[in-house]
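The values are calculated or read from the model by the stated rules, or taken from the named source; none is laboratory data. Since the model is a prediction, treat every value here as computed from it, not as a measurement. So basically every Cβ, Gly included, is an ideal-geometry build from the backbone, and we count neighbours across all protein chains shown. These area figures cover heavy atoms from the full protein model, side chains too; ligands, DNA and RNA do not enter into them. Shrake-Rupley method; radii C 1.70, N 1.55, O 1.52, S 1.80 Å.
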Amino acid sequence: MDESVLKGNTAILKCHIPSFVSDYVFVISWLQDDGHEILADGGPYDSKYLVLPSGELHIRDVGPEDGYKSYQCRTKHRLTGETRLSATKGRLVITEPVGSRAPTFSTESQIISMKLKYPLGGNVALICPAQGFPTPKFR
C-alpha cells in the first residue's frame, strides 16, 4: 500500500498479511523494484532502512528519490518454510512541507502505554511514528 510522508521524516511501510495466516507467516525481507533486498535480520540500526521484528519497513530521512521506488515484502511460513513475495507493491507519496507543522500521528497510529517484558539480552523496538516540520526529534 502507498504511504504518505513528509520529506525528511521517517516512512513506515507495513506488510499486510491476512489474519487467517498471521500466526504462521512473518516478514523476512523487503524488495525494492531495482532488486535491492532489505533483510529483516541485517543492517545497522542507524542505516536508512530498518526492518523491525513486526515486519514493518522504516525508511529514514525520506527524500524525493525515495518516491521513485516501489517496495514488496517477502514472507516466510513458519511451518512449511514456503516464501512468498507480496502481490502488490507499495510506494511512498512524498509531500514537501510548507511552513512549520507540529508533530502529528497518522490516523492509523495508536498511542499506547504498556509495561514491557522481554528476555534478557533480547531486542525491543519502540517506535514513535510522528511526522512534522522541522523533522521531530525523539528521545
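Would you say D34 is more than 27 Å from G132 (Cβ to Cβ), among the charged types (D, E, K, R), exposed (fewer than 12 other Cβ atoms within 10 Å of the Cβ) and in contact (Cβ under 8 Å) with a residue 24 or more places away in the chain?
So D34 passes the test.
Identify all residues within the stretch 10-26 that are assigned to a strand (DSSP E or B) and open to solvent by 40 Å² or more (accessible area, probe 1.4 Å); write none if there are none. Before the answer, list the steps.
Start the filter on the stretch 10-26 by keeping residues that are assigned to a strand (DSSP E or B), which leaves 11-13, 25-26.
Selection gives F26 alone.
Looking at (1) within 30 Å of G132 (Cβ to Cβ); (2) at pLDDT 90 or above; (3) of a type in the set (A, V, I, L, M), can you tell me which one A40 breaks?
Condition not satisfied by A40: (2).
Can we say S29 is under 14 Å from the mean Cα position of the chain (by Cα), hydroxyl-bearing (S, T, Y) and either under 17 Å from R78 (Cβ atoms) or surrounded by 12 or more Cβ atoms within 10 Å (Cβ to Cβ) (or both)? Step through it out loud before you land on a result.
Numbers: under 14 Å from the mean Cα position of the chain (by Cα): yes; hydroxyl-bearing (S, T, Y): yes; either under 17 Å from R78 (Cβ atoms) or surrounded by 12 or more Cβ atoms within 10 Å (Cβ to Cβ) (or both): yes.
Yes, satisfied.
Considering every residue within the stretch 62-85, establish whether at least one is part of a loop (DSSP other than H, G, I, E, B), within 11 Å of the chain's Cα centre (by Cα) and of a type outside the set (G, A, S).
Our first condition is that a residue be part of a loop (DSSP other than H, G, I, E, B); within the stretch 62-85, this holds for 62-63, 69, 78-82.
Next cut, within 11 Å of the chain's Cα centre (by Cα) only: none.
No, because not a single residue in the stretch 62-85 is part of a loop (DSSP other than H, G, I, E, B), within 11 Å of the chain's Cα centre (by Cα) and of a type outside the set (G, A, S).
Looking at the stretch 78-119, which of the residues that are open to solvent by 100 Å² or more (accessible area, probe 1.4 Å) and over 21 Å from S54 (Cβ atoms) is modelled with the highest pLDDT?
Restricting to residues being open to solvent by 100 Å² or more (accessible area, probe 1.4 Å) and over 21 Å from S54 (Cβ atoms), the top hit is E96.
Taking the stretch 90-104 only, how many residues are farther than 15 Å from K69 by Cα and among the aliphatic types (A, V, I, L, M)?
Summing the residues that are farther than 15 Å from K69 by Cα and among the aliphatic types (A, V, I, L, M) in the stretch 90-104 gives 2.
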